[in-house]
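A.B. asks: Attaching a single structure in structure tokens format; questions to follow.
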Amino acid sequence: ISSSDTGNDEQLYECPMCCLTCTNIQILEEHVDLHLEEQSFLEGGNIRDLELAQQLQTEEDKWQRSEEDKREREEFKKLRRQYGLDNSGGYKQQFLKDMEREVDKGRMQPFEYHKRKADMMECLAFGIDDGKTKTTGIIEALCKYYQNENKDVRRVWLSTGVDHFQSSLGDRGWGCGYRNFQMLLSSLLQNSLYNDCLQDTTLIPSIPKIQSMIEDAWKEGFDPQGASHFNNKLHGSKAWIGACEIYSLLTSLRIKCQIIDFHKPTGPMGTHPRLFEWVLRYYSADSEGGAKVVCTSKPPIYLQHQGHSRTVVGIEEKKNKTLCLLLFDPGCPSQEMQKLLKQNSDGTNLKLLRKFLGSLKEKQYQIVAVDGVLSLEEKASRCQASQVLTSEKIP
């Protein structure tokens, strides 16, 4: 507290915290005490405000964490449902449920329901496909069509014979991987090179049987990481399978194959020209001469992307040098595919199969390509390798 002399013997006292001047020191002390009390109150208030703000923030964080956990649980459940891992039953249960729905809606007679149920149970007991969604003879019809096509195809390469299998009541929405395996197998069964490998698989297996075959491959030690994703169980589920499961199954049968991973677009507008070039090399590698239609001895190719898979059965090279894949899609109805068996001079039905560069614009694709037979030693070696890595990436 500073003081000053006014010159008329009156002592003045100045407040160090504001501009007040007074003559009585006690009054000044009381005044300064008021300043100090006010400051203490304000500081205490600030502390209380800070504590309250921290408490509110903690509660907000807790609520957000709880909401995120809830969202994650819901997403996890959704993914399990989407990929058929939610124990909601498999092929048989879905087949029966969908047929019951057809009867309820008056689209199926009860006697037909009981007949189809009996047929299905018999096929499942023997582990064979009922063949009711199969279309055969398409590749042969395509060979004839291309021989007479003079418009815009310069050359075309086709797989050996392949049957088309459509997804049915029992696997609609999740069975594409299994259906594409059936397509590939239908081709391999026609090739004597694979007789030894397929001596126990002379008929096309049903989807539950294929599920058991993949489980057997896992038991042999193939792809333990993939097996654990499915908890080592596929049979009786609606689990989606992909390229790794197809690779494991084929290799367990001593069928030589490889996975090629096209992990990013290699052309403008998200396209995959390198995928098309790879398929062209695959089909044209052994063909010589300039024949317009080349019916190769090559099996079809399994093609996978996020959420769906299809089967590549050939490739066209147009007169302007553009390439066009020919694909069998399990989602395409059998009655549509059967139109390809009729000679159609303008080729309009081929739009079911044709996929140009701009039609395949998923971020990532994988293919499984078959190329011969493995010895027992090679199979063991590939089994060991699959425990680390099964795919080769195209840069």
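The values are calculated or read from the model by the stated rules, or taken from the named source; none is laboratory data. In this text the structure is predicted, and so the values were computed from the model without any measurement. Quick reminder, even Gly has a Cβ in these numbers, built from the backbone with ideal geometry, and neighbours come from all protein chains shown. Protein only, heavy atoms only, side chains kept; ligands, DNA and RNA dropped before computing areas. Shrake-Rupley method; radii C 1.70, N 1.55, O 1.52, S 1.80 Å.
A.B. asks: Got the relative contact order for the chain handy, in percent, Cα pairs under 8 Å and 6 or more residues apart?
C.D. replies: Details: 598 pairs, mean separation 79.2, N = 395.
The value is 20 percent.
A.B. asks: For the chain, build the charge dipole from Cβ charges (+1 Lys, Arg; -1 Asp, Glu) around the Cα centre, then report which of 99, 359, 160 sits farthest towards its positive end.
C.D. replies: So the residue we want is 160.
A.B. asks: Across the range 329-390, how large is the tail of the calculated P(r) beyond 13 Å, expressed as a percent of all Cα pairs? Don't skip to the answer; put the middle values down first.
C.D. replies: On the way: 1475 of 1891 pairs.
Taking all Cα-Cα pairs of the range 329-390, the fraction more than 13 Å apart is 78 percent.
A.B. asks: If you don't mind, another one. Could you check which residue among 306, 211, 26 shows the biggest mean-square fluctuation in a GNM of the chain with a 10 Å Cα cutoff?
C.D. replies: Among 306, 211, 26, the largest mean-square fluctuation in the Gaussian network model of the chain belongs to 26.
A.B. asks: Which of 199, 234, 189 sits closest to the plus end of the dipole of the range 183-256, meaning its Cα is farthest towards the positive end, when Lys and Arg get +1 and Asp and Glu get -1 on the C-beta?
C.D. replies: Among 199, 234, 189, the one farthest towards the positive end of the dipole of the range 183-256 is 234.
A.B. asks: Angle, helix 176-188 long axis vs. longest principal axis of the chain, Cα atoms, 0 to 90°, nearest 10?
C.D. replies: 30 degrees
A.B. asks: While we're here: Cβ neighbours within 10 Å, averaged per peptide: list 129-138, 16-25 in order, most packed at the top.
C.D. replies: Details: 129-138: 17.7, 16-25: 11.5.
The packing order, highest mean first, is 129-138, 16-25.
A.B. asks: Right, next: If N is the number of residues in the range 136-393, what value comes out of its Cα radius of gyration divided by 2.2 N^0.38 Å?
C.D. replies: Working: Rg = 18.0 Å, N = 258, 2.2 N^0.38 = 18.1 Å.
Against the empirical 2.2 N^0.38 Å value, I get 0.99 for the range 136-393.
A.B. asks: Anything over 19 Å Cα to Cα? Flag those among 319/355; 144/361; 256/298; 151/351; 97/134; 132/233, in the order listed. Spell out each step's value before the answer.
C.D. replies: Details: 319/355 16 Å; 144/361 31 Å; 256/298 13 Å; 151/351 15 Å; 97/134 22 Å; 132/233 27 Å.
In this structure, 144/361; 97/134; 132/233 exceed 19 Å between Cα atoms.
A.B. asks: Leaving out ligands and nucleic acids, note down the accessible area per residue over the chain with a 1.4 angstrom probe, in whole Å².
C.D. replies: Working: 21790 Å² over 395 residues.
So the chain comes to 55 Å² accessible per residue, rounded to a whole number.
A.B. asks: Then there's this: Taking residue 92 as the anchor, which aspartates and glutamates have their alpha carbon closer than 20 Å to its alpha carbon, excluding any fewer than eight residues away along the same chain?
C.D. replies: 100, 102, 104, 112, 119, 122, 129, 130, 171, 215
A.B. asks: From the phi angles alone, apply the Karplus equation (6.51, -1.76, 1.60; θ = phi - 60°) to the range 243-256 and give each ³J(HN,Hα) in whole Hz, x where the residue is Gly or Pro.
C.D. replies: Working through the residues one at a time gives 4, 5, 5, 5, 4, 4, 5, 4, 5, 5, 8, 6, 9, 6 Hz.
A.B. asks: Would you grab the residues whose amide H sits under 5 Å from the one on residue 128? Only those 5+ places off in sequence or on another chain, please, with H modelled 1.01 Å from N.
C.D. replies: Those qualifying (amide H under 5 Å, at least 5 residues apart or on another chain) are 206.
A.B. asks: Would you mind checking the tilt of helix 273-284 against the longest principal axis of the Cα atoms of the chain, expressed as 0 to 90 degrees and rounded to 10?
C.D. replies: 20 degrees
A.B. asks: Relative to the longest principal axis of the C-alpha atoms of the chain, give the angle of the C-alpha long axis of helix 25-82, reported between 0 and 90° and rounded to the nearest 10°.
C.D. replies: Tilt relative to the chain: about 10 degrees.
A.B. asks: Same structure, new question: Give me a comma-separated list of calculated 3J(HN,Hα) values for the range 99-106, in order, Karplus coefficients 6.51, -1.76, 1.60 applied at θ = phi - 60°, integers in Hz, x for any Gly or Pro.
C.D. replies: Each residue of the range 99-106 in turn: 5, 4, 5, 4, 5, 4, 8, x Hz.
A.B. asks: Using a Gaussian network model of the chain with C-alpha springs under 10 Å, which one of 32, 293, 279 is most mobile by mean-square fluctuation?
C.D. replies: Comparing 32, 293, 279 in the GNM, the peak value goes to 32.
A.B. asks: Would you mind checking which residues have amide H under 5 Å from residue 155's amide H? H placed 1.01 Å from N; only 5 or more apart, or other chain.
C.D. replies: Distant-sequence amide H within range of residue 155: 317.
A.B. asks: Can I ask one more? Taking the DSSP beta bridges in the chain as the whole, what percent of them are antiparallel, to the nearest 5? Please report the intermediate quantities before stating the final value.
C.D. replies: Numbers: 39 of 45 bridges.
About 85 percent, rounded to the nearest 5.
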